[in-house]
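These notes are about the structure you will find just below.
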Amino acid sequence: ERSVQRHTFLDGVMEWMLGLWLLALGGYYLLDAGSNRTFFFLYPLLLILLPVLLGPITQFVKARVTFPRIGYAKFPPAPVRRQRRWMALILASVGLLLGVILGFYWAARQGGVAATGLEDWLSLMPLALGAILAASFFYTAVRYGISRFYIVGGLVFIAGAVVTMLSLPLMMRIIAFSSAAGALLLLSGLVTFVIFLRRYPVYESGMDEERP
């Protein structure tokens, strides 16, 4: 099962899907911060977009690109239920984290950050986000033996640490971190995806005997 799960991340699709979502998140905050209008109506769409990207869209890409190259393994019911529980937990954690960020954002916009004594803590938000994402990648690397996730997690954490040290307003730090982490994951995923396509070409049925 561990080997099959490792193959789930072989194509890098989930990485660049998550990268796209982080870039969309940064774009949303940039749009909202740089305009006199509020774009809060887009925020629920972002919450919906994450499970859509990691669920149906990822499965669509895998069905069209990944499975024809390396095949598909159907898990028994028990592991499938465990995976769904873990996915639900991860998505719930992300939703909670986003809610906290949104609360901090509105507190900052209303000028109440200094009054509540949270200014110093809020300045560490990019570092905290980087640590959470890095921990997720490190856990996956250890559990399924995916070496590149150590590098990805380390780079994401470094991005959070660097952005935290910048002399920028809170929202600009969150925008900078979302953009940097999103770009890193998108680049990592796309490079992995291209390598996967070259390493596992699709062979015609009549050429099966020639396949190494």
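So the values come out like this:
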| read-out | value |
| --- | --- |
| Of the criteria (1) open to solvent by 60 Å² or more (accessible area, probe 1.4 Å); (2) at pLDDT 65 or above; (3) not hydroxyl-bearing (Ser, Thr, Tyr), which one Ala114 fails | (2) |
| From Ile175, Ile151, residue being at pLDDT below 90 and not basic (Lys, Arg) | Ile175 |
| Check on Met207, out of contact with any strand residue (DSSP E or B) (no Cβ under 8 Å at 6 or more places or on another chain), at pLDDT below 85 and surrounded by 16 or more Cβ atoms within 10 Å (Cβ to Cβ) | no |
| Pairs where the first residue, in the range 144-157, is β-branched (Val, Ile, Thr) and the second is surrounded by fewer than 15 Cβ atoms within 10 Å (Cβ to Cβ), C-beta under 8 Å, 6+ apart | Ile146/Arg6 |
| Failed item in (1) closer than 23 Å to Gly26 by Cα; (2) at pLDDT 85 or above, with Pro169 passing the rest | (2) |
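The values are calculated or read from the model by the stated rules, or taken from the named source; none is laboratory data. In this text the structure is predicted, and so the values were computed from the model without any measurement. Using ideal geometry, Cβ is built from the backbone for each residue, glycine included, and neighbour counts are taken over all protein chains shown. Side chains are part of the model used for accessible areas, which takes the heavy atoms of the whole protein and leaves out ligands, DNA and RNA. Shrake-Rupley method; radii C 1.70, N 1.55, O 1.52, S 1.80 Å.
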